[in-house]
């Protein structure tokens, strides 16, 4: 059995896919890797690039070619074929730190079968690079290489959510729970850090910053303009997560509260985009009232939408009491203040 399966979804990323794959095939650990490139109906040369690597590195690289079905469908197509004990997703416009990959594979072989592995990652923007830790305010909380009981982690509050770039799972855990992501919409990477947590029993931590997350590319799905264009996708993913939690049975109070916190923050993120970032014409044409009604119906607690933690201005309360958002000028000021707070946070932590 291979140690680590790496799922690489790709759609029209011919120019960036080689950089992604080169970061893997240069690793000394390549013989222990199972690399699955899933071409999601690309119209450029992505498939040819992937097949070229599969031909040169036939013992480690495979290609799945499928019609376009969006992000979740690529994960669903790859999961039944995996050969690794653990699985991690790597987007085709991102990369791994090659030297870190060598260490990461060795680490996976030593952690005694933890269900979930969590570590830091590197965020790349036009301003530069920064290491993003897995816990609150980048404080060291948990030891390295020692599996912890998941209930302990969920209950202590040092971690409020997990990022896709930080996690790997034991492959068999996903198969046992028949894990599948939503198809036909974007932003289902949020599901990758949510649904498995219903079943994860043990979590191990590492200091290895393996994932290099590229936020500098124009048109990247996390770009604010792209998110607003696909706001219905974000809404659908969050709605499904909330309904799934609402119907879950047998969860401990600690686990339920942790997952409810994840859902609440996702709801707040979506509503903040409506109330703060969206242009007037799009907002007027949106079904915002219906989204609010739905979220309030299934919200696990009182729904508020603050600008951020340091600016406790409830945007939703304003809309509910006045029937309108803040004026354009006020929204611009609030967004500028929010960006400033984010920069300060990054400088401190």
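Computed from the coordinates by the stated procedures, all read-outs in this text should not be read as laboratory data. Keep in mind that what you see is a predicted model, and the values were worked out from it rather than measured. As a convention, Cβ positions derive from the backbone with ideal geometry for all residues, glycine included, and neighbour counts pool all protein chains shown.
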### Query
How far apart, in nm, are the 7 Å Cα→Cβ label points at residue 344 and residue 314?
2.3
### Message
Restricting to Cα pairs below 8 Å that are 6+ residues apart, what does the relative contact order work out to for the range 90-219? Please round to a whole percent.
### Response
47
### Message
Once you keep just the Cα pairs under 8 angstrom separated by 6 or more residues, what percentage relative contact order results for the range 224-348?
### Response
22
### Task
With r as the distance between the Cβ atoms of residue 281 and residue 302 and R0 = 35 Å, compute the FRET efficiency 1/(1 + (r/R0)^6) and round to 0.05.
0.70
### Query
Given only helices, namely DSSP H runs of n ≥ 4 each adding -39500 (n - 2.57), what is the per-residue ellipticity at 222 nm of the chain, to the nearest 500 deg cm²/dmol?
-12500 deg cm²/dmol
## Note on the structure
Placing each pseudo-label 7 Å from Cα in the direction of the beta carbon, residue 106 and residue 160 end up separated by a distance in nanometres of 3.6
### Query
Quick one: Kirkwood hydrodynamic radius for the range 13-113, alpha-carbon pairs, angstrom, one decimal?
14.1
### Task
Give, in nm to one decimal, the length gained when the segment between residue 207 and residue 226 is fully stretched (0.36 nm per residue of separation minus the Cα-Cα distance).
3.6 nm
### Summary
By the Cα gyration tensor axes a ≥ b ≥ c (a/c under 1.5 gives rounded; else a/b larger than b/c gives prolate, otherwise oblate), the shape of the range 279-333 is oblate
### Message
Sort 201-212, 41-52 by packing, meaning the average of other beta carbons within 10 Å per residue, with the highest value first.
### Response
201-212, 41-52
### Query
In what sequence do 329, 313 fall when counting other Cβ within 10 Å, fewest first?
329, 313
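Taking only C-alpha pairs under 8 Å that are 6+ residues apart, what is the relative contact order of the chain in percent?
16
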### Label point 7 Å beyond Cα of residue 215 along Cβ direction - residues of the range 231-270 with amide nitrogen under 13 Å
none
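Taking a ≥ b ≥ c as the square roots of the Cα gyration tensor eigenvalues, with a/c under 1.5 meaning rounded and otherwise prolate when a/b beats b/c, else oblate, which class fits the chain?
Taking the square roots of the gyration eigenvalues as a ≥ b ≥ c, the chain is prolate.
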## Note on the structure
In nanometres, the difference between 0.36 nm per residue of separation and the alpha-carbon distance of residue 324 and residue 257 is 20.9 nm
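Report the convex hull volume per residue for the range 93-180, counting only C-alpha atoms, in Å³. Don't skip to the end; give the middle numbers.
Values: hull volume 12.3 nm³, N = 88.
Residue-normalised Cα hull volume stands at 139 Å³.
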### Task
Place a label point 7 angstrom from the Cα of residue 44 along the Cα-to-Cβ direction, then list the residues of the range 12-36 whose backbone nitrogen is under 18 Å away.
12-23
### Message
Sorting check: for 249-255, 14-20, which peptide has the highest mean count of neighbouring beta carbons within 10 Å, and how do the rest follow?
### Response
14-20, 249-255
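Ordered by packing density, taken as the mean number of other Cβ atoms within 10 Å over each peptide's residues, highest first, how do 335-344, 145-154 rank?
Peptide ranking by packing, descending: 145-154, 335-344.
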### Query
How high is the FRET efficiency from residue 269 to residue 183, r the C-beta distance, R0 35 Å, rounded to 0.05?
0.95
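How far, in nm, would the chain grow between residue 172 and residue 249 when pulled straight, counting 0.36 nm per residue and subtracting the alpha carbon separation?
Values: separation 77, 0.36 × 77 = 27.72 nm, distance 2.18 nm.
Difference between extended and current length: 25.5 nm.
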### Task
Would you mind listing how long the range 224-348 runs along its three principal axes, going by Cα atoms, in whole Å with the largest first?
48, 40, 29
